[in-house]
1. Can you give me the C-alpha center-to-center distance between the range 348-380 and the range 35-85, rounded to a whole angstrom?
2. Would you mind getting me the FRET efficiency between R231 and R35? Use the beta-carbon distance for r and R0 = 45 Å, nearest 0.05.
3. Indicate the gyration tensor shape class of the range 545-707 (rounded, prolate or oblate), computed on the Cα atoms with a ≥ b ≥ c the square roots of the eigenvalues: a/c under 1.5 is rounded; otherwise a/b larger than b/c is prolate and the rest oblate.
4. At q = 0.20 Å⁻¹, what is the base-10 log of I(q)/I(0) for the range 119-248 according to the Debye formula with one equal point scatterer per Cα and no solvent? Please give it to two decimals.
5. Taking only protein heavy atoms and a 1.4 Å probe, what accessible area per residue, in Å², does the range 293-374 have with all protein chains in place?
6. Can you tell me how much longer the chain between L62 and S11 gets when fully stretched, taken as 0.36 nm per residue apart minus their C-alpha distance, in nm with one decimal?
7. Ranked by accessible surface with a 1.4 Å probe, highest first, in what order do M563, M432, M582 come?
8. As a test, work out the antiparallel percent of DSSP beta bridges whose residues both lie in the range 545-707, rounded to the nearest 5.
Amino acid sequence: MHKGKIINEKSKDEQLEIVREDPEREFLTTNQGVRVSETDISLKAGERGPTLLEDFHFREKLTHFDHERIPERIVHARGSGAYGFFQVYEPMTEYTSAKFLQDPSKKTPVFVRFSTVVGFRGSADTVRDVRGFATKFYTEDGNYDLVGNNIPVFFIQDAIKFPDLVHSIKPEQDNQIPQASAAHDTFWDFVACHPENAHMIMWVLSDRALPRSYRMMQGFGVNTFRFVNSRGKGRFVKFHWKSPLGIHSLVWDETQKIAGKDPDFNRRDLWEAIEMGDYPEYEFGVQMIEEEDEFKFDFDILDPTKVWPEEDVPIKWIGKMTLNRNPDNFFAETEQVAFCPANVVPGIDFSNDPLLQGRLFSYLDTQMIRLGGPNFQEIPINRPLVPVANNQREGYHRITINKGKTSYFPNTVGNNKPRPASAEEGGYAHYMEKVEGKKIRARSEKFKDFYSQAKLFWNSMSKPEKEHIIEAFHFEIGKVKDKNIRQAIVDMFNNVDGDLAIEIAKGVGVSAPAQKGGSPVTKESPNLSQERSEHNVKNTIKTRKIAIILADGYNQKELSQVMQALGAGGAKAEIISKFQGMLKSSDGGEIEVDKNYRTTASVLYDAVYIPGGKESVETLKTQGDAIHFINETFRHCKPLGATGEGVELLKAANLPDIKLAGQKSADKVVSDKGVVTARNGGNSSFNEAFTSAIAQHRHWDREKKEQVPA
Ligand code: HDD
């Protein structure tokens with residue numbers, strides 16, 4: 001059913017065109033194509049009589065509806081997808097024979113699905129969790145899936161533990177509580193029983209688990225794979241993604257509020273960015289280790305709970321992915337897409353990482369039940385762009401109409417076709433790795449070092465990041481009812497860092513460790529920190545959302561100058577007021593309100609600006625919602641800007657320890673810990689100071705922020 005060898009960005013679209021619905025369609029029909037004359041009233045024996053079985057339209061409509069839900073993914077149930085393309089920067093011939101990594105002029109189509117791990121399909125986006133980052137490359141060698149996360153390590157070292165891990169973190173068995181949260185007894189019991197979790201837990205309790213946007217996070221292949229070149233030479237590799245928008249997070253209080261105000265926060269953000277033409281981009285990188293260097297490191301390179309520190313193994317950035325199209329239908333595309341780490345193409349191979357080895361089995365197996373049988377690859381989103389030919393036949397929902405008599409190989413009846421391809425003809429040849437040893441259930445010695453990299457991570461955090469991790473422990477462990485588990489966690493993390501363990505104990509009502517412990521590691525690896533990472537970006541306001549709070553009588557000139565500066569930097573401003581409708585400026589201008597206090601909240605924005613205008617500001621001063629907007633923004637360490645009389649509103653909000661522009665030196669711009677004010681508003685020096693405060697994303701140096709209600 002696949003004709004020709006089609007590889008270009010358009011071709012996936014063309015392939016999907018076969019099944020895409022005609023938007024111009026006029027008539028309702030049954031699934032047999034019969035036009036329907038009535039869809040609201042069932043066929044009955046008389047006006048008040050029983051419904052008749054022969055109403056085939058009624059029965060078909062209801063039967064289909066009854067079967068609309070398919071099982072959700074056992075993990076990563078909630079996700080959002082997008083199409084795009086990938087381009088390599090330069091031929092990677094030296095390292096891999098993968099064709100999509102050779103020609104910089106070629107665009108390989110991709111479909112990406114971002115997800116949370118723990119929550120059910122209808123759960124909120126902003127929970128504390130790992131984010132899935134799965135990419136399907138529709139390459140000319142067949143489909144290649146890179147099924148990664150936004151955190152570079154994993155909880156466990158061996159796939160055989162995955163069911164235990166997932167059972168422990170999902171809602172508890174008796175009452176199915178809590179939804180989309182690790183903060184409960186069974187999960188922390190699991191952690192305390194498995195010290196190999198220590199490193200991953202540090203990441204999960206860090207800001208990494210609260211991404212501001214799918215467009216502002218890193219991605220990692222996590223497992224160790226292999227690149228193999230055309231001469232058969234292999235190298236160990238780890239895969240990376242990074243975004244030109246940097247790595248940015250929400251704060252915990254915000255995430256919880258957003259879960260109620262806009263549970264679709266990350267999904268909406270991705271969708272809207274693509275609709276507005278702000279196409280998310282990610283650079284693709286590889287870390288490579290020569291085969292002969294396999295044992296040169298103080299960690300085992302096959303251990304998925306370990307990173308390869310960039311100081312030891314730098315990342316080579318080799319290409320870029322752009323996401324430029326939203327799916328037409330969530331179910332058909334995002335829900336039915338099926339990823340599998342075993343989907344590789346010639347030039348990419350596996351390592352013996354025991355987590356990866358188990359993953360190679362699990363994904364295909366899970367699709368069989370989730371997508372109802374062995375033919376899920378024929379669903380348009382899953383089909384490769386290159387022809388498929390084999391002797392697999394029948395099964396539920398078979399779509400291909402196979403021709404001819406044979407379904408076996410070798411054969412003489414069908415001219416021995418299809419036949420295996422040699423390596424020269426593009427046949428996949430597994431890397432010839434020498435393997436010898438006893439059959440044994442064991443792991444290598446270095447796998448048992450659970451704490452060194454957890455300590456490396458802790459050492460690498462900035463001060464605010466450390467504080468956030470401690471607060472996260474207080475929340476997560478504080479929710480654990482069993483005191484023994486709480487104590488066990490404190491004792492476990494005493495193996496990472498003694499001071500950390502003391503801080504955890506302080507908040508959760510158990511004893512500090514009897515003896516202060518800790519790993520002896522003193523090294524840091526700044527790129528593990530998102531604040532300190534060279535992969536972070538703090539020089540752009542592109543796609544940030546700014547709330548502008550107004551009432552009638554606002555200063556039109558100030559507003560338009562600031563809006564212009566924000567727009568020029570690529571930020572998106574929204575006008576917020578008590579009511580939707582039109583507002584009048586002091587000089588008779590007009591502007592339309594985008595959101596009212598009921599339909600939005602400060603937590604949905606990256607910064608807030610208050611323009612001057614005496615009447616507007618006097619009104620805002622009487623509105624608790626306006627003051628709350630400012631307080632919450634301040635508490636969450638986000639930039640605040642005010643010009644003219646707008647500064648008076650900040651004064652009324654009682655921001656502690658913050659210098660505001662005074663009446664006397666009207667031209668002066670005062671910028672203090674991300675609060676930017678000017679009495680003569682809207683000029684270029686205010687705009688510059690305000691936009692650079694927004695580019696910083698958060699201003700953690702607000703020491704007394706806890707005094708402000710939020
Ligand atoms: Fe997994 C889904 C990522 C370990 C078994 N996994 C799934 C998805 C992502 C990951 C992003 C969602 C794909 C999508 O959007 O449809 N998983 C990872 C990473 C891991 C990892 C980065 C560690 C390196 N996973 C892992 C193990 C197992 C699984 C050890 C089992 C042995 N994962 C699954 C699964 C899922 C899945 C049950 C659920 C739905 C699906 O596969 O298609 O098979």
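The values are calculated or read from the model by the stated rules, or taken from the named source; none is laboratory data. Since the structure is predicted, the reported quantities are computational estimates derived from the model, not experimental observations. Cβ sites come from the backbone with ideal geometry, for glycine too, and all protein chains shown count toward neighbours. What goes into the accessible areas is simple: the full protein's heavy atoms, side chains included, and nothing from ligands, DNA or RNA. Shrake-Rupley method; radii C 1.70, N 1.55, O 1.52, S 1.80 Å.
1. With the range 348-380 and the range 35-85 each reduced to a Cα centre, they are spaced 30 Å.
2. In this case the efficiency is close to 0.10.
3. Cα axes put the range 545-707 in the rounded bin.
4. With no solvent term, the Cα-only Debye profile gives -1.29.
5. So the range 293-374 comes to 37 Å² accessible per residue, rounded to a whole number.
6. Once the chain is fully extended between L62 and S11, it gains 14.8 nm.
7. M432, M582, M563
8. Just about 30 percent of them are antiparallel.
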